[in-house]
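Every number in this text was worked out from the coordinates using simple rules, so none of it is lab data. These figures come from a predicted structure and were not determined experimentally. So basically every Cβ, Gly included, is an ideal-geometry build from the backbone, and we count neighbours across all protein chains shown.
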Amino acid sequence: MSQTQHFETSAAGSPDKVAEFDYKASFGKRIQNALHDTPSLVPMVVLFVSIAIFGLLLGAKFFSPFALTLILQQVAIVGIVGAAQSLVILTAGIDLSVGAIMVLSSVVMGQFTFRYGLPVEFSILCGLGVGTLVGFVNGWLVAFIKLPPFIVTLGMWQIALAINFLYSANETIRSQEIDEVAPLLHFFGETVKIGGAVFTFGAIFMVLLVLLLAYVLRQTAWGRHVYAVGDDPEAAELSGVNVKRMLISVYMLSGLICGFAGWAMIGRIGSVSPTSGQLSNIESITAVVIGGISLFGGRGSIMGMLFGALIVGVFTLGLRLLGADAQWTYLLIGVLIIGAVAVDQWIRKVSG
Amino acid sequence: MDQKGIGLMEPILKGRNLVKRFGRVTALDNCDFDLMPGEILAVIGDNGAGKSTLIKAVSGALIPDEGEIFLEGEQVKFQSPIDAREEGIETVYQTLAMSPALSIADNMFMGREIRKPGWRGKYLRQLDRKAMETMSRDKLNELGLMTIQNINQAVETLSGGQRQGVAVARAAAFGSKVIILDEPTAALGVKESRKVLELILDVKSRGIPIILISHNMPHVFEVADRIHVHRLGKRLCVIDPKDYTMSDAVAFMTGAKEPPAEAA
Ligand SMILES: Nc1ncnc2c1ncn2[C@@H]1O[C@H](COP(=O)(O)OP(=O)(O)OP(=O)(O)O)[C@@H](O)[C@H]1O
Ligand SMILES: [Mg+2]
């Protein structure tokens, strides 16, 4: 057998370093690599450039602490729901039921307080619990019954919305009543003013939530596993990740965050209304996609989602202040979505 | 001592009457399997003979339809690869099982991450990246995979052979009872294959038995203590590489020649 190995001896004296040729990357290639490592770079640049452009066009009307914090207030709900959406999309799933869970949670918080006269703290806990429970059902169907997330959450969207209408009997709880009986429901609508800047608790909560999740996703084992599952669930399972438990925990957390979004929404719109928040699922997916998170899972950062949500907010307010037709906003957002996905495809080519 | 060199020793890992069906394909057909303490057992067989299915059954990656598995004489029922890993069985799967977008260090420590010491690890559950990077780099250096420049490189930016090297290093670093390698040198260059063979012998000298699946007969005959010949979903025979030639082994595994009665 040994004679068959002789050819190997000729490699014995070779230098130990291989393929360390002088690597002169082209400019485009270097950008591609940077984006591969930091996927939130594009939305960040787009955000600052668009703020700068609208600032130049509109001057102090736009470039004021008031207007800029107004944007933050306006994207608070989308940002919170987008955080939930980001988690699910990172696992290569999608959650179409986020908006419906949010509304259902807010209705539970309101009705439990007003219809049954339960303490408001308890009602809020129940609302958060309902959100988590719906998330659990989603996760269980995805992880154990192995149904596609798109189908599961498409169905859950309808189910949660229908329960919401049936249960609330399509009844709105007015803002005034809430202020009198259960002001805690308006907690996220309260504000802190610093000079001209106005921060709602909802906006602050949104930013803190995103920062917390960014930490968890980067710095904890759970976070690394979210990426691994989104990347290649089979490989994750073989290399020691409990994929089913991971998926269920992600959908439950998503549901819980949507519950908080429901609470924050009461603060934002004042009343508890079963017809609110209908566009949240699409808006959250838009923020995620513009934020550079890959719909194929496993790539992107939640900070990107925040930038994505803010970009939409900047365009919306900026164009409105310019007096442009609102359709221009939609048109530009459409362009951004397609552009973001094109960039995502290009970044992926680093490995190909 | 009998011909297989088993003697009176108990196998460290033993399979009996293992059956696994995929629809109408029977991948394992009442297969028996024995791994002795401290040995290198090669498993050879044609493509589709069921070698990978066999090692997946003993490493928890799939649950056999029938049959029993014993680890150190005790029956085990692995429900997942995590169960097998907790018993000290490490596997390099043929597909390598890596997350392409994650870094080398992330992949090496997937599912067994090290947390920072003190309150940051305990309450904030923060990972100790430094420690994991250092350990990963050391393990890869041992394997002579110096070509990897950056331990934080995403695995997808590595060549196929480098990926295989990382997977082997991962198994060698953590396996405490049994190490299973499913075609670990398939994508490797001459020098890198040699490193892996050296690593296999090194692991053996630490007293840890190895299951090596390979189509490379020179490699198999060089390192194996015994050769398990797999054919049509079961163990055809076990031969001692000192008593048979490579052509004999190939003839048995392809069915060109009947195995000797005493080896069956
Ligand atoms: N997940 C699966 N689903 C369906 N059939 C499978 C699956 N895994 C293996 N098989 C079938 O089981 C048989 C054995 O496959 P296995 O991968 O164990 O072969 P192998 O001996 O490892 O082959 P190779 O040398 O090509 O790696 C094949 O006929 C294959 O088609
Ligand atoms: Mg195989």
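Residue count for segment B:144-172, restricted to those that are more than 12 Å from every other protein chain (Cβ to nearest Cβ) and under 17 Å from the mean Cα position of the chain (by Cα): 4. Considering A:Gly230, A:Gly223, A:Gly270, A:Gly255, the condition of being under 16 Å from the mean Cα position of the chain (by Cα), away from chain B (no Cβ under 14 Å) and among the small types (Gly, Ala, Ser) is satisfied by A:Gly255 alone. I'd like to check something: does segment B:219-232 contain any residue that is closer than 30 Å to B:Ala105 by Cα, in contact (Cβ under 8 Å) with a residue 24 or more places away in the chain and surrounded by fewer than 20 Cβ atoms within 10 Å (Cβ to Cβ)? Yes, segment B:219-232 contains at least one residue that is closer than 30 Å to B:Ala105 by Cα, in contact (Cβ under 8 Å) with a residue 24 or more places away in the chain and surrounded by fewer than 20 Cβ atoms within 10 Å (Cβ to Cβ). Applying a threshold of 8 Å to beta carbon distances and a minimum spacing of six or more residues, or different chains, the list of pairs starting in segment B:77-102 at a residue that is within 10 Å of chain A (Cβ to nearest Cβ) and ending at one that is basic (Lys, Arg) and assigned to a loop (DSSP other than H, G, I, E, B) reads B:Arg85/B:Arg112; B:Ala101/A:Arg299.
Being crowded, with 24+ Cβ neighbours inside 10 Å and either without any contact (Cβ under 8 Å) to a residue 60 or more places away in the chain or at the interface with chain B (Cβ under 10 Å from one of its Cβ atoms) (or both) is a description that applies to A:Val289. May I ask you to verify whether B:Lys130 is farther than 29 Å from A:Ser294 by Cβ, away from ligand 2 (no atom under 16 Å from the Cβ), basic (Lys, Arg) and surrounded by fewer than 21 Cβ atoms within 10 Å (Cβ to Cβ)? No; evaluated as a whole, the condition is false for this residue.
What are the residues in segment B:191-221 that are touching a helix residue (DSSP H, G or I) at 6+ places or on another chain (Cβ under 7 Å) and closer than 17 Å to B:Ala249 by Cβ, if any? Answer for segment B:191-221, where residues must be touching a helix residue (DSSP H, G or I) at 6+ places or on another chain (Cβ under 7 Å) and closer than 17 Å to B:Ala249 by Cβ: B:Ile211, B:Leu212, B:Ile213, B:Ser214, B:Met217, B:Pro218, B:His219, B:Phe221. Mind listing just one residue for me: the one in segment B:207-237 that is within 16 Å of ligand 2 (Cβ to nearest atom) and among the small types (Gly, Ala, Ser) and, of those, nearest to the other protein chains (Cβ to nearest Cβ)? Among them, the one singled out is B:Ser214.
When the test is whether a residue is among the polar types (S, T, N, Q) and under 17 Å from A:Val88 (Cα atoms), A:Ser239 does not pass it. Just the residues that are more than 13 Å from the chain's Cα centre (by Cα), near ligand 1 (Cβ under 10 Å from one of its atoms) and not in a loop (DSSP other than H, G, I, E, B), please, taken from segment B:7-43. Within segment B:7-43, B:Lys20, B:Arg21, B:Phe22, B:Val25, B:Thr26, B:Ala27, B:Leu28 qualify. Counting only strands (runs of 3 or more DSSP E) that sit wholly inside segment B:61-172, those with at least 2 residues that are farther than 28 Å from B:Ala186 by Cβ are B:66-71, B:74-76.
Condition first: more than 9 Å from every other protein chain (Cβ to nearest Cβ), of a type outside the set (Phe, Trp, Tyr) and in a helix (DSSP H, G or I). Now tell me which residues in segment B:173-191 satisfy that.
Taking segment B:173-191 as the starting set, the residues that turn out to be more than 9 Å from every other protein chain (Cβ to nearest Cβ) are B:173-188.
From what's left, of a type outside the set (Phe, Trp, Tyr): B:173, B:175-188.
Within segment B:173-191, B:Ala173 is the sole residue that qualifies.
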